[in-house]
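All remarks here apply to the structure that follows.
The values are calculated or read from the model by the stated rules, or taken from the named source; none is laboratory data. Remember, predicted model here, so these are calculated numbers, not experimental data. Using ideal geometry, Cβ is built from the backbone for each residue, glycine included, and neighbour counts are taken over all protein chains shown.
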Amino acid sequence: MRVFPAVLRHPPWRLVPVAVLCLAACAGETGPIVIGVAGPMADPLGVAEARAARLAVDQINQRGGVHGRPLRLRVMDDSGTENGALRVAQALYDDPAVAAVVGHITSGTTIAAARIYGGGKSPVPVISPTASSPELSGINPFVFRVCPSDLSHGPALARFARETLRARRAGVVYLNDDYGRGVRRAFTEEFTRLGGVVVEQDPFLPMTPTLEPYVSRMRAAGVDVLMLAADVPGAELALRELRRQRLSWPVIGSDALVGIEGDGPLAEGVHISSAYLPDRSGDKNATFVVQFFRATQGQRPSDVAGLTYDTVQLIASALDAVGPDRRALRDFVASVGGRRQAFDGVTGRIAFDGNGDVPGKPLTIAVVRNGRLVAEASQ
């Protein structure tokens, strides 16, 4: 913007303003390419997202960036709330330097932010590592995700409960939000289709102090598996209540329970469906696990970390192919797995359908053993 006074003071044939304009244009073509990262940065999920994104960007920049241009992250905290997501999405949308966005982490925040990212004259492509709500499917042509939806998690858990655990009667405790209701619904439909009976389905809120009434009713009804469509704090409430009532039901849940393995004996034996485990086979993943371990002073990558790392690497490959134009990036991402080859990441193959989903992304049933999530041996 500082060139305008010079243009007014000098005739158009003078070289000074031309040189200034050239320098500005060249700087725009050679400066950093910005990728937004949005999530709950005070939460372990957001911390894992930011760490994995930084690791990916550091590696790309060490190799020379994208066509000689370094990548730079703009990390923003959405506080895990829809209002926070709207604020962050508007800030990233309004920043012309932002080529694409990684995020958000939860379904509710991603759904809220999608309306901003995909609107206006310059929509920005956004790829969520972990938002799993079915409501995101096809919500907007600029919104993608690299994780399976709840329509995959619920049925996978139902099949595991019926076919591996031989459960016949299930109780369900679910967080009363988009995520919890989605997983609960998908699990219930598949478990019932397979001949099981869901004897009770009970919702809870983050401020719920105890799950004692729910567990007591399930005990009286006679359940033989407990499915938790919950977050870690909700699952901890349920596990403590099971321990208090001396119940040994098998407990299963979806990817929002990742992290509960840190609770030690309380979480021992809990089964979790996940799109990524650090002990996944393959040299590419083994290298990533070692690099993440070193970069974080001894931590193993979670599913959030693995999926975020793949998302940044995918965006970098799109930038390498078509540059930082938002629409060109969106078109490239939409063609991955279709007109273009699928992306092979540390979490496996990523191929998008017309709704921005990855329907072929497999899930693994993991089990908590000695404070770690490992693949269930029966698979």
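Identify the single condition in (1) crowded, with 16+ Cβ neighbours inside 10 Å; (2) not in a helix (DSSP H, G or I) that Phe187 does not satisfy, given that it satisfies every other one.
Answer for Phe187: the failing condition is (2).
Could you list all residues from region 212-231 that are more than 19 Å from Leu363 (Cβ to Cβ) and either in contact (Cβ under 8 Å) with a residue 12 or more places away in the chain or part of a loop (DSSP other than H, G, I, E, B) (or both)? Reasoning before the result, please.
So in region 212-231, the residues more than 19 Å from Leu363 (Cβ to Cβ) come out as 212-224, 226.
Correct list: Glu212, Tyr214, Val215, Ser216, Arg217, Met218, Arg219, Ala221, Gly222, Val223, Asp224, Leu226.
One line per residue, one yes/no per condition, for (1) outside the structural domain of Ile350 (by TED's automatic domain parsing); (2) within 15 Å of Ala375 (Cβ to Cβ); (3) among the β-branched types (Val, Ile, Thr):
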site	(1), (2), (3)
Met227	yes, no, no
Glu236	yes, no, no
Ile252	yes, yes, yes
Val258	yes, yes, yes
Gln299	no, no, no
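For region 42-71, what are the residues that are touching a Gly at 6+ places or on another chain (Cβ under 9 Å) and not in a helix (DSSP H, G or I)?
Ala42, Asp43, Val66, His67, Arg69, Pro70, Leu71
Name the residues in region 216-252 that are of a type in the set (A, V, I, L, M) and farther than 17 Å from Ala267 by Cα, would you? Talk me through it step by step, then tell me what you get.
So in region 216-252, the residues of a type in the set (A, V, I, L, M) come out as 218, 220-221, 223, 225-230, 232, 235, 237-239, 242, 247, 251-252.
Met218, Ala220, Ala221, Val223, listed by residue number.
Look through region 250-278, keep the residues that are within 27 Å of Val197 (Cβ to Cβ) and free of Cβ contacts under 8 Å to residues at least 60 places away in the same chain, and return whichever of them is surrounded by the fewest Cβ atoms within 10 Å (Cβ to Cβ). It would help to see each step written out before you state the result.
Within region 250-278, the first condition is being within 27 Å of Val197 (Cβ to Cβ), and the residues that meet it are 250-257, 260, 267, 269-274.
Filter once more, keeping what is free of Cβ contacts under 8 Å to residues at least 60 places away in the same chain: 251, 257.
Values: Val251: 23, Leu257: 27.
Among those residues, the one meeting the criterion is Val251.
Yes or no: region 352-360 includes at least one residue that is surrounded by 16 or more Cβ atoms within 10 Å (Cβ to Cβ), in contact (Cβ under 8 Å) with a residue 40 or more places away in the chain and assigned to a helix (DSSP H, G or I). Quick ask: steps written out before the conclusion?
We begin by selecting, within region 352-360, every residue surrounded by 16 or more Cβ atoms within 10 Å (Cβ to Cβ); these are 352, 355-358.
Going one step further and asking which of them are in contact (Cβ under 8 Å) with a residue 40 or more places away in the chain, we end up with 352, 355-358.
Within this subset, residues satisfying the condition of being assigned to a helix (DSSP H, G or I) are none.
Within region 352-360, not a single residue is surrounded by 16 or more Cβ atoms within 10 Å (Cβ to Cβ), in contact (Cβ under 8 Å) with a residue 40 or more places away in the chain and assigned to a helix (DSSP H, G or I).
Can you say whether Arg69 is more than 24 Å from Val126 (Cα to Cα) and at pLDDT 90 or above, as far as the supplied structure shows?
Taking the combined requirement at face value, the residue does not satisfy it.
So that you can scan it fast, the table gives a plain yes or no per residue for (1) in a loop (DSSP other than H, G, I, E, B); (2) hydrophobic (A, V, I, L, M, F, W, C); (3) touching a Gly at 6+ places or on another chain (Cβ under 6 Å); (4) outside the structural domain of Leu45 (by TED's automatic domain parsing):
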site	(1), (2), (3), (4)
Ile105	yes, yes, yes, no
Thr110	no, no, no, no
Ala114	no, yes, no, no
Val124	yes, yes, no, no
Pro141	yes, no, no, no
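Among the residues that make up region 304-314, is at least one of them charged (D, E, K, R), closer than 20 Å to Ser128 by Cα and in a loop (DSSP other than H, G, I, E, B)? Before the answer, list the steps.
The initial filter retains those residues of region 304-314 that are charged (D, E, K, R), namely 310.
If we keep only those that are closer than 20 Å to Ser128 by Cα as well, we get 310.
Filter once more, so that each one left must be in a loop (DSSP other than H, G, I, E, B): none.
No.
May I ask you to verify whether Arg246 is in a helix (DSSP H, G or I) and among the basic types (Lys, Arg)?
Numbers: in a helix (DSSP H, G or I): no; among the basic types (Lys, Arg): yes.
For Arg246, the condition - in a helix (DSSP H, G or I) and among the basic types (Lys, Arg) - is not met.
Quick one: is Val304 farther than 16 Å from Arg280 by Cβ, buried (at least 20 other Cβ atoms within 10 Å of the Cβ) and either at pLDDT 95 or above or not aliphatic (A, V, I, L, M) (or both)?
Working: farther than 16 Å from Arg280 by Cβ: no; buried (at least 20 other Cβ atoms within 10 Å of the Cβ): yes; either at pLDDT 95 or above or not aliphatic (A, V, I, L, M) (or both): yes.
In short, no.
What tally of residues in region 146-176 results from selecting those that are touching a helix residue (DSSP H, G or I) at 6+ places or on another chain (Cβ under 6 Å) and not hydrophobic (A, V, I, L, M, F, W, C)? Reasoning before the result, please.
Initially, region 146-176 is screened for residues touching a helix residue (DSSP H, G or I) at 6+ places or on another chain (Cβ under 6 Å), giving 146-147, 149-151, 153-155, 157-158, 167, 170-175.
Right, trim to not hydrophobic (A, V, I, L, M, F, W, C) and you get 149-150, 153-155, 171, 174.
Total satisfying the criteria: 7.
What are the residues in region 280-303 that are charged (D, E, K, R) and more than 21 Å from Pro362 (Cβ to Cβ), if any? Explain how you work it out, then say what you get.
Taking region 280-303 and keeping what is charged (D, E, K, R), we get 280, 283-284, 294, 300, 303.
Arg294, the sole residue that qualifies.
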